Every structure is written in structure tokens, then in C-alpha cells.
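Encoded as C-alpha cells, the structure appears first; notes follow it.
The values are calculated or read from the model by the stated rules, or taken from the named source; none is laboratory data. Please read these numbers as outputs of a predicted model, since none were measured by experiment. When we count neighbours, we look across all protein chains shown, and the Cβ atoms used for this are built from the backbone with ideal geometry, even at glycine.
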Amino acid sequence: MNNIPLFKPYFRKEEVLSEIGECLDIGWTGIGYKTEEFEKLWSEYSKLNHCHFLNSASAGLHIAIKVFKDKFDWKDDDEIITSPMTFVSTNHAILYESMKPVFSDIDESLCLNPQKLNENITNRTRAVIFVGIGGNAANLLEIKEICNQNNLILIIDAAHMAGTKWLSSNLHIGSEADCVVFSYQAVKNCPSSDSGSICFKDKEDDKKARALSWLGIDTNTFERTKSKAYKWEYEVDNVGYKYNGNSIAAAMAIVSLRYLDEDNKIRRNISEEYLSGLESNEFITPIIHDTKISSSRHLFQIIVGNQYSFIEHMSSHGISCGVHYKANNKFSIYGKYNLNNLDFVNYIDKKIISLPMHLYLSEKDISYIIDSANKFSF
Ligand SMILES: *Cc1c(COP(=O)(O)O)cnc(C)c1O
């Protein structure tokens with residue numbers, strides 16, 4: 001019996017242990033040291049400004065909204081336009097700051113539909129969160145344009161987008177936005193144990209975020225031990241959070257980053273095989289990624305007639321599939337924000353499926369997954 005998981009992170013064990021070993025040897029596992037090394041490496045890799053390593057993308061999304069809310073004096077119940085097709089942390093971040101998530105419909109890319117977004121802008125709209133589902137950047141440039149025209153802040157939830165680049169320039173996505181948030185959570189495509197990062201365009205925003213993610217303290221311990229200043233001297237002018245990343249997670253992320261382009265290429269190859277294998281299947285509609293990008297391909301998603309029966313069918317063949325995501329507007333906590341026309345997301349909510357996507361998939365596994373999927377008719 002086959003047993004093919006949906007995700008399985010591939011860790012280069014010797015390299016990871018060696019990086020972690022360095023932390024243990026010098027006796028530094030917390031903030032600083034490897035976290036700073038990762039920040040430097042990520043900045044060099046992505047060319048994005050001010051990379052700041054955190055314990056998660058969830059923390060980063062919260063910090064992003066908090067920094068902009070304070071900076072621009074946004075009020076409670078001011079609106080942020082967001083996607084219902086995402087992991088809940090995207091939208092929880094809006095609620096943490098007592099602002100109002102305005103769900104706007106997606107299109108076949110599973111990203112925000114620019115036209116619908118335009119219709120949902122009001123005089124209380126302050127920002128847009130673009131979620132690049134599966135690594136896709138569809139409509140991002142159009143949405144950037146809409147944000148410019150309407151003076152809105154653009155935040156990218158790039159939890160799936162580590163390594164997604166524009167083909168024309170070979171530049172990493174993200175410089176379009178005021179702030180980009182990445183995840184290096186255990187089953188994302190650039191995995192650590194659990195961590196993330198936030199890259200602000202503006203230096204002052206980055207500075208505020210660094211204090212906020214470290215309980216409001218204005219300089220971190222490692223920096224203080226390096227400087228000549230009194231080690232115990234620091235200022236606290238804000239109630240911050242314990243959102244910083246640590247050196248063990250950074251050590252793991254450093255190794256994943258080393259192989260990110262290589263690994264994403266394998267993901268894109270797997271996607272190509274899925275696409276051609278499922279091409280003539282009338283019951284399955286694959287989600288196509290934007291042709292202007294080279295996608296990280298964190299996910300390979302399809303639309304089927306019935307999610308439950310497809311998952312059961314694949315599971316009877318020993319294949320685990322996933323659902324990314326349940327439409328957030330359907331969750332009880334978001335019930336009172338379920339106000340707009342969300343026809344498309346409501347239509348696909350019970351039809352969307354993620355096929356296995358990871359580096360342990362063999363050619364044989366991929367063919368077997370395609371064959372099994374093609375035996376499904378509903
Ligand atoms: C995983 C994920 C997050 C949260 O990432 P963490 O690092 O686990 O906090 C946010 N948004 C999306 C779209 C995600 O998939």
C-alpha cells in the first residue's frame with residue numbers, strides 16, 4: 001500500500017546539524033547570531049530591504065498592521081481589504097488590531113480579483129493584503145496600481161512565496177509592497193522549525209517593528225553585548241510582543257535558503273508533470289500560476305466537483321491531499337464580516353484540493369498520483 005504524504009519537508013540533516021552545532025558551541029541559541037546571519041542572507045537573496053527574522057509569519061502580519069496603524073493613525077474599524085482564501089493568520093492579524101477585515105472575492109488564480117477589490121474600496125479603506133497562494137503572484141501588479149491610485153498601503157502575505165521571482169527581471173517579488181511577510185514554518189517551501197520574516201520598504205517602519213517584536217525594547221541583547229555601551233541600558237517606549245525568531249530556527253532556515261532555488265525548480269517540474277498528466281481530465285481544473293513569474297510552487301492546487309469524495313478516493317489509493325483553504329468568511333469568528341459578494345470563493349470552497357507537493361516525491365509517485373487522480377470521475 002502506498003503512503004504518500006501531502007507535505008514532507010526535506011532537511012539536509014548534516015548541514016542543519018552543523019549550523020545548529022555552531023550555536024551550541026558558542027552558547028547562543030536566542031535572538032542575534034544566526035538570526036542576523038539569516039537576515040543578511042535573505043536580504044542578499046531577495047534584494048528586499050530590511051529583512052527582519054521573526055518567530056512566524058503570523059507575528060509578522062500582526063506587526064505589519066500594528067506599525068502602519070500607529071504610523072498613519074488608523075482608527076479601530078477602519079478597513080483592510082483582504083482575501084478569504086488564506087490561512088486564518090492573515091485575517092486574525094487585522095482583528096488583533098481591532099480593524100475591520102473586508103473580504104473581497106478571488107478569481108481563478110485564487111488571488112484577489114482586482115475588479116472586485118476596486119468595488120470594495122470605501123473612504124475607510126486603509127490597506128490591502130495580497131496573499132500569493134501557492135506562490136502565485138497573479139494580479140499583484142494590477143493590485144499595486146489600484147493601491148497607488150487610492151493611496152492604500154499594500155502588504156503581501158508571502159508565506160508561500162519564498163523564491164517566487166519575476167521572469168523579466170529575475171527579481172524576487174515583494175518590492176511592489178510597503179511590507180512583505182514570509183513564512184519558514186515547518187511545511188512551507190523554505191522550511192525551518194517555525195519562523196518567518198518581515199521586510200519593510202521603509203527603514204523607520206523596520207526600526208519600529210524590531211522594537212515591537214522584542215517587547216518594546218529598543219536594542220536587542222546580542223547587539224548590546226557587542227557594543228561598548230552599558231549592557232543593561234535600554235529604553236522601552238511601547239508594549240511590544242515576544243515575536244522575535246531564535247538562532248536554532250534561523251540555522252535551519254539558512255540551510256533551506258541555500259537550496260531554495262534548486263528546490264523550487266523541482267517543485268515547478270512536479271507541477272509541470274501534474275499539468276500535463278491531468279490535461280485531458282474533464283473533471284479536474286488545475287490552478288495555473290501567472291506566466292510572468294517563476295513560482296515557488298509551494299502548492300499544486302486543483303478544482304474538482306466534490307472535495308470530500310476526491311480526498312476519500314485519493315486516500316483509498318494511499319495518497320494524502322489537502323485543502324488550502326477553507327474560505328475564511330465561513331468561520332464563525334468572521335461571520336459578521338461576511339458582507340460582500342463572494343460568489344467565486346463560495347463556489348470553490350468545497351471544490352479546492354492540494355495534491356502532494358514535496359521533494360520526496362519520486363517519478364513513480366508522481367505518475368501514480370496522476371493515474372489515481374485520473375481514475376476519479378465526479
Ligand atoms: C502558513 C501561513 C501563514 C502563517 O505562517 P506562520 O509562519 O506559520 O505563522 C500565513 N499566511 C499563509 C497564507 C500561510 O500559509
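A few points about this structure:
- Cβ-Cβ under 6 Å pairs, at least 6 apart or on other chains, the range 43-56 side away from the ligand (no atom under 16 Å from the Cβ), far side among the charged types (D, E, K, R): ASN49/LYS201; HIS50/ASP206
- Filtered by the rule that a residue be surrounded by 22 or more Cβ atoms within 10 Å (Cβ to Cβ), in a loop (DSSP other than H, G, I, E, B) and not β-branched (Val, Ile, Thr), the range 299-314 gives a lone residue, LEU299.
Every residue, every condition in (1) at pLDDT below 95; (2) within 16 Å of the ligand (Cβ to nearest atom); (3) within 30 Å of ILE266 (Cβ to Cβ); (4) not assigned by TED's automatic domain parsing to the domain that holds ASN269, yes or no:
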site	(1), (2), (3), (4)
LYS292	no, no, yes, no
GLN307	no, no, yes, no
TYR337	yes, no, no, no
ASN341	yes, no, no, no
MET357	no, yes, yes, no
SER367	no, no, yes, no
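- Out of SER175, SER169, sole residue that is within 18 Å of the chain's Cα centre (by Cα) and more than 16 Å from the ligand (Cβ to nearest atom): SER175
- Boolean, HIS62 is in a helix (DSSP H, G or I), within 16 Å of ARG210 (Cα to Cα) and of a type outside the set (Phe, Trp, Tyr): yes
- Positions within the range 315-335 being part of a loop (DSSP other than H, G, I, E, B) and surrounded by fewer than 19 Cβ atoms within 10 Å (Cβ to Cβ), in sequence order: HIS317, GLY318, SER320, VAL323, HIS324, LYS326, PHE331
- Among the residues of the range 227-246, those that are of a type outside the set (Phe, Trp, Tyr) and within 18 Å of ILE198 (Cβ to Cβ) comprise ASN238, GLY240, LYS242, ASN244, GLY245, ASN246.
Results for (1) touching a residue at least 12 places away in the same chain (Cβ under 8 Å); (2) in contact with an Asp or Glu (Cβ under 6 Å, 6 or more places away or on another chain); (3) within 16 Å of the ligand (Cβ to nearest atom); (4) assigned by TED's automatic domain parsing to the domain that holds THR285, shown as yes or no for each residue.
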| position | (1), (2), (3), (4) |
| --- | --- |
| ILE65 | yes, yes, yes, no |
| LYS69 | yes, yes, no, no |
| TYR96 | yes, no, yes, no |
| PRO101 | yes, no, yes, no |
| LEU110 | yes, no, yes, no |
| THR122 | yes, no, no, no |
| GLY134 | yes, no, yes, no |
| ALA138 | yes, yes, yes, no |
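- Residues in the range 71-103 that are buried (at least 20 other Cβ atoms within 10 Å of the Cβ), among the β-branched types (Val, Ile, Thr) and in a helix (DSSP H, G or I): THR90, ILE94.
- Of the listed requirements (1) among the β-branched types (Val, Ile, Thr); (2) crowded, with 20+ Cβ neighbours inside 10 Å; (3) under 23 Å from the mean Cα position of the chain (by Cα), ILE288 misses just one: (2).
- Among the residues of the range 194-202, at least one is within 13 Å of the ligand (Cβ to nearest atom), modelled with pLDDT of 95 or more and assigned to a loop (DSSP other than H, G, I, E, B).
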